[in-house]
Amino acid sequence: MHDRVAIQTDHTRKQATPLLRILIALPVLAVAAGLAYIMLSFSPVAPGLSGQVTDQLAHSGVSNPVTAVLLNFRGYDTLLETVVLLLALLGVWALGGTELRDEVTPGPVLDSLSRLLLPMLILVAAYLLWVGAHAPGGAFQAGSVLAAAGVLLLLTGWRLHVNLAALPLRMILVAGPGAFVLMAVLTLLIEGHLLQYPAEHAGLLILILETAATFSIGFTLTGLFLGGIPRDRDIE
Amino acid sequence: MNWDALIPLLVVLSSLLPGLIIFGLAEERVRTRIVLNLLGALSKVVLVGWMLWGVYHQHYYETRLVLLPGLELVLRAGPLALLFVTLSTGLWLVTTIYAIGYLEGSPHRSRFFGFFSLCVTATVGVAMAGNLITFLLFYELLTLSTYPLVVHRGTEEARRAGQTYLAYTLFGGALFLLGTVWLYTLTGTLEFTPRGFVSGAGEEHRPALVMIFALLIAGLGVKAALVPLHGWLPQAMVAPAPVSALLHAVAVVKAGAFGIVRVVYDVFGVEYATGLGVTDPLAWLAAFTIIYGSLRALFQDDLKRRLAFSTISQVSYIVLGVAIAGPIATIGGLVHLVHQGLMKITLFFCAGNLAETLGIHKISEMNGVGRRMPWTMAAFTVGAFGMIGAPPIAGFISKWYLGMGALDAGQGWVIIVLAGSSLLNAAYFLPILHAAWFREPPQSWPHEHEHNFGRKETAWALLLPPVVTSVLAVAAGLLALIPFSPLDWVKLIAQREFYQP
Amino acid sequence: MTGTPWGIILIMLPLAGGMICFLWPRVSTVLGLLTSLAVAVSVAGLGWQLQEYGVYRHAIGGWGAPLGIDLYADGLSLLMLAVTALVGLGVGIYSTGYFSCEDSQRFWPIWLFLLAALNALFLAADIFNLYVTLELMGLAAVALTSLTGSKDALRGAMRYLLATLLGSLAYLFGVALLYHGFGTVDIGMLAERVESYPIAWAAFGLMGAGLMLKTALFPMHFWLPPAHASAPAPVSALLSALVVKASFYILLRLWLTIFGPLNEGIELLFGLLGMMAILWGSLQALRQTRLKLLIAYSTVAQIGYLFLAFPLAMTTGASAWHAMAYLALSHALAKAAMFLAAGNLLRFGGHDRIADLDRVVQRLPLTAGAFALAGVSIMGLPPSGGFIGKWLLLEAALAQGHWGIAAIMLVGGLLAAAYIFKVLGHTFTQADISHEPVAVPASMEWAALLLAMGAVLLGFLASPIFSLLDIGNAFSLNGVSP
Amino acid sequence: MNSAFLYALVGVGLFSLGLYALIIHTHLLRKILAINVMGSGVFLVLIALAKRTGLAVPDPVPHAMVITGIVVAVSATALALVLMLKLVAATGHAELSDDQRESQ
């Protein structure tokens, strides 16, 4: 555990002197005070977009306003955001990954528990994905749970099979942003605007997008946890 | 197709395009390079000849390209522009031949000739600039394209000389830029106009105009090597001889002097400038530079350095003529632009021949060299006497008109400066001539074996140019009164551009 | 083809390209180059569209602001998109020679995502959308910086990442304040609604500080030199030419539309910091002994010039902004060329110690030429884009009697000349050879040279470019806004 | 003043604390954590102010923004952590030394 040792020894390195701390704390405090004042100066009547969202909710294909904003009204942000996630993984892979973690062989308890927990997690993810249309939930929540399952698998020593690590894995990772881009282009061609869903199919299309995104998010987050290209370590 | 609007551009392109092509040529393609160089030089001569004829017959040539909203790139061939264009074009042809001979077999010739062509491009651009921004553009291009020639040899000394050169010229350029922009904000135009365009700026701007004049002159004075801005010139002598000859005797320093003429006559207008009280200090500065340069030249043993200080001194004759602000003195100053060019390039060619053929760099090594290289030293002698102002060589004409002009303008003190300078010229040139012709030659020359020219004095490409230019220098003096002589042309300029009714 | 949605193509194409490169790394180089070319064509198409039909606006999802997100392009956006496409194309060609096969497979998808982020950023009309594009751009830039994996690169990337994240958070805080204060994140609507309340000022303080940090304006430039100097040469070119300009662009947009009309005074601070950046950056550049650090500090100085336009534009308006846009444009081309040239020298001699450059002018004439031409523009000497920008800025300064700014600009130009010729001088001289020279592919030399030539050619294109810039009147304060 | 403002003030507090820690600490892990704390502060402000009207359904737009923000923050944190680990592996310590210039 080379990295952990290094992190601990760093405590011995020099720290900021008390005077310096005060010199830094003062302007930070001033910023805090200023911002606090600003916070209190907001009027309780919000000029936000609540009303408009509510008005258009019926045309959005979902009944959960947050999902409506995320996938429909501001779907373009979400498109870019799925790319951000993929990009982070690309960045991590470009760095060549981190040192190998110690391989642990899970004991019988851990092994059987995780076997039990895994289907549960996947089920929960699926539920969250589905429920997002009308209640809190959605692709990111579902994806995170899926990622939790993935992390659990990794921690118990499971590794992706080498044959699946190349193109198939990449396909899943790209599925979310890819589906978004595809959807964007198709809606542009058919409806004339980027991500303008045909009203009658909006719900279904959003679900398709969210499903693809869930898989991508789950796998990407797991990949980020792993911190390296799976193929590499298998070959080694 | 309006050919008249195209010719000034073609004159610029006739050296720019060969230059750019030469950059791309492989080092060993000597013949292609020579053909391109001569083709460019000759086509420029033809174009300039065409324009000379046209301008003489009251025809004007002008190219305009939009540079910025409200500001154009203007190339205009009037009489004054053509004076400088003709000088540069003619001497470019001669120097190209010289350089081909001088650099034979040496490395990096593609680079050398490429930048050489760029320099000439910049010089004719400076000459034909029709407004200050165009002038500035080519003036800076001249700085940039001469730098690689100064550091051409790639020694540490050359690099340092290059840095010095840039430090002076870019600083000058910055001052010039400041003056130009400032002027533009006051007048809203930068177009060179006979009798100047600043008089419309209004009385309240007089102090600002004096400052602007100082900024512009300081910017130009660097290249014209006015004291105390002359420090780069002697150092730049580290460059190969053709560079010293064409650029540091003709193109670069003359660009500065020519710019001063433009500023005094076509930006401020000589009457307005006199009214501002700025011409007198300029004349004093020029006079000081004349004397100072001559004095310093006296103590140089390195031949090229002595010539460099002589250049510093001689270029200020032009500035002096302009600053005296009378018609006759102006004729003297302007005609010196040409005369000094012819004489000084002859001297530098000869210095190059001595260095290239016999390895002579110092005056103390020149004993008896006249017997070894009679043609070269004959040309040198003509140049030297011209510099001193001996009739019938061209230099005499310049000094005569300067002196007469000074008396005409009521500035008698100038005569003393001229006389003193002539004495000093004699003091630093005559010993050289004496040593070369009348002293016994040494047993051997410093580096004679390097080139074996057999019974010839030196390579024909090295010999021909100084002989031609020295003959021209004599001709310009003897035939000063025939049409199309430099003097005649300068009178035309004074008549048409400066003192028109 | 009047209806072709060029603006959308500019975003979707590199996104799709990046994903395909990720899926099938083998096609990376070919696909990447094709995408870059297609992006350049699309920018031309968009330019034609703007000229024919005026500003471009697209309501994503068909909702329209404030509920939906709009894309918007005017002359200013077009200019930024165009320079991005040009530099991108140049760097793309360069990278074919620079990267090994494996490295290029890592480079292309990230760069294409960065390209998409930049295009999306220049087309955005929504401050939250801008935040997302900023983050996309920042992460891509950091990932590219660390591509070599060397100690210096990792340190540079880490510092850069922390700085860029801090900047983004400050920006996001500002977005939060503006949304809750004025009920929209659309720039155009904010421009109408925002008044000189403390909320607006706090938002501007946060967003401005964040963006200044990302733009590396003095004294918040500390992260830039190590990152730009340690990244691979093509990446340094992208970072210095485009990425810092992108955050500057947002700041400028916000200023022109939302914050500029509120009050006077802040522009003086911008001007002051700009002046200090010029001096400090130039002096530091002059002190450097390593070429890439020198160029990186030069970027710090050149960013300063952009900020000089703020005080000057208060009375001269469009002409100072034109000058600034021109400086940004020519700096992008020139600085990209410089970093690429530095990459060639590094590849060739195995080091970038300035004093040990060995007769480069003979051995890599195209590279030396590229560096010199780019230098002409950086110094602001004619004829070059840098000169045009400097001329206009100087004119504005003198017309208003801002003598300090004029003086700093001239001094900055001289210092720039000093550090550029410090390099050029050494390209002529001989040095002890410490490393066997390595051949440099022609694509690398030509890419640098062409970009540098572009910077010089800009000196003759001012009029057409200014007329393009004025599409949509981006520079009239209180005027038509996104 | 309703409780929403209290949460907003807590958000400001987190932001400021994070900022302070980011400047003060030299260890990269702490710096990365500090950035995350700052991020949480901003998210909290966004969410809290969305509820300040006291209506049953808070403004959904800031919620969507926060979800986007969180994903971005996760991505950035992951990249930062890997970068830090690489740096530790390469240099042996998890700090950005100021003697940058010497090493270059």
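For the reader, a short list of remarks on this structure follows.
- Based on DSSP H segments of at least four residues, each scored -39500 (n - 2.57), chain B has a per-residue ellipticity at 222 nm of -22500 deg cm²/dmol.
- Count Lys and Arg as plus one, Asp and Glu as minus one, and take only other residues whose Cβ is under 11 Å from that of residue B:80; the net charge is then +1.
- Residues of segment B:229-245 falling in the label zone of residue B:157, defined by backbone nitrogen less than 12 Å from a point 7 Å along Cα to beta-carbon, are B:235-240.
- Prolate/oblate/rounded call for segment B:37-160, Cα gyration tensor, a/c under 1.5 rounded: oblate
- The helix-based estimate of mean residue ellipticity at 222 nm for chain C, built from -39,500 (n - 2.57) per DSSP H run of four or more residues and divided by its residue count, is -25000 deg cm²/dmol to the nearest 500.
- Listed by chain and number, the lysines placed with their C-alpha closer than 24 angstrom to that of residue B:362 are B:304, B:344, B:456; residues fewer than eight positions away on the same chain are left out.
- Between segment C:148-205 and segment A:180-219, the alpha-carbon center distance in angstrom: 29 Å
- Label-point separation in nm, residue B:31 to residue B:439, each point 7 Å along Cα→Cβ: 4.5 nm
- Taking label positions 7 Å along the Cα-Cβ direction at both residue C:436 and residue B:5, the computed distance is 6.0 nm, reported to one decimal.
- Sequence-distant lysines (8 or more away, or on other chains) whose Cα lies within less than 19 Å of residue C:335: C:214, C:245, C:292, C:390, C:422
- Placing unit charges on the Cβ atoms only, positive for Lys and Arg and negative for Asp and Glu, gives chain C a dipole magnitude near 900 debye about its Cα centre.
- Extension gain for residue C:315 to residue C:101 (0.36 nm times residue separation, less C-alpha to C-alpha distance): 71.7 nm.
- Cα-based helix-to-principal-axis angle, B:327-353 vs chain B, degrees rounded to 10: 30 degrees
- When peptides A:118-126, D:33-41, B:381-389 are ranked by their average number of other Cβ atoms within 10 Å per residue, the highest-first order is B:381-389, D:33-41, A:118-126.
- Most positive-pole-ward Cα, B:110, B:60, B:49, against dipole of segment B:49-172 from beta carbon charges: B:110
- Cα gyration tensor category, rounded, prolate or oblate, for chain A with a/c compared to 1.5: oblate
- Burial ranking of peptide ranges C:282-290, C:242-250 (average Cβ count within 10 Å, highest at the top): C:242-250, C:282-290
- Estimated FRET transfer efficiency when R0 is 22 angstrom, pair residue A:171-residue A:204 (beta carbons, to 0.05): 0.50
- Axial C-alpha extent at least 30 Å, average Kyte-Doolittle at least 0.5 - helices from chain C (DSSP): C:28-53, C:75-98, C:101-123, C:151-182, C:266-287, C:291-316, C:318-349, C:403-428
- Take each residue in B:177-183, count the other chain C-beta atoms within 10 Å of its C-beta, and the mean is 6.
- Net lengthening on full extension, residue B:456/residue B:430 (0.36 nm per residue, minus Cα-Cα): 6.7 nm
- Average beta carbon contacts from partner chains per residue of C:63-71, 10 Å cutoff: 6
- Cross-link partners for residue D:86 among the lysines, with Cα-Cα distance under 19 Å and sequence neighbours closer than 8 places in the same chain left out: C:151, D:31.
- Placing a label point 7 Å from the Cα of residue A:29 along the Cα-to-Cβ direction, the residues of segment D:4-34 whose backbone N falls under 20 Å of that point are D:9-25.
- The HN-Hα couplings worked out from phi for segment D:58-64 by the Karplus form 6.51 cos²θ - 1.76 cosθ + 1.60 (θ = phi - 60°) are x, 4, x, 4, x, 4, 4 Hz, whole numbers, x standing for Gly and Pro.
- Chain A: DSSP helices with Cα axial extent of at least 30 Å and average Kyte-Doolittle hydropathy no lower than 0.5: A:18-41, A:108-131, A:167-191, A:202-226
- Mean-position separation - Cα centroids, segment C:99-141 and segment B:118-184, in angstrom: 41 Å
- Long-range Cα-Cα pairs in the protein assembly as shown (distance over 51 Å), rounded percent: 36 percent
- C-alpha long axis of helix B:413-438 to longest principal axis of chain B, angle in °: 20 degrees
- Measuring r between the beta carbons of residue A:191 and residue A:17 and using R0 = 51 Å, the FRET efficiency lands at 0.25.
- The calculated FRET efficiency for residue A:225 paired with residue C:407, based on their beta-carbon distance and R0 = 56 Å, is about 0.50.
- The protection proxy used here, the mean number of other Cβ atoms lying within 10 Å of each residue, ranks peptides B:330-337, A:135-142 as follows, highest first: B:330-337, A:135-142.
- Amide H contacts under 5 Å for residue B:131, placed H, 5+ residues apart: B:74, B:192
- Only Lys, Arg (+1) and Asp, Glu (-1) charged, at Cβ; the protein assembly as shown dipole about Cα centre in debye: 2220 debye
- Taken residue by residue and averaged, Cβ atoms of other chains lying within 10 Å of the Cβ of C:358-364 number 2.
- Label point at residue C:192 placed 7 Å out along Cα→Cβ; residues across segment C:255-278 whose backbone nitrogen lies under 15 Å: C:258
Bear in mind these aren't lab numbers, they're just calculated from the coordinates by the rules spelled out. This is a predicted model, so every value here is computed, not measured. Neighbour counts are summed over all protein chains in view; Cβ atoms, including those assigned to glycine, are modelled from backbone coordinates with ideal geometry.
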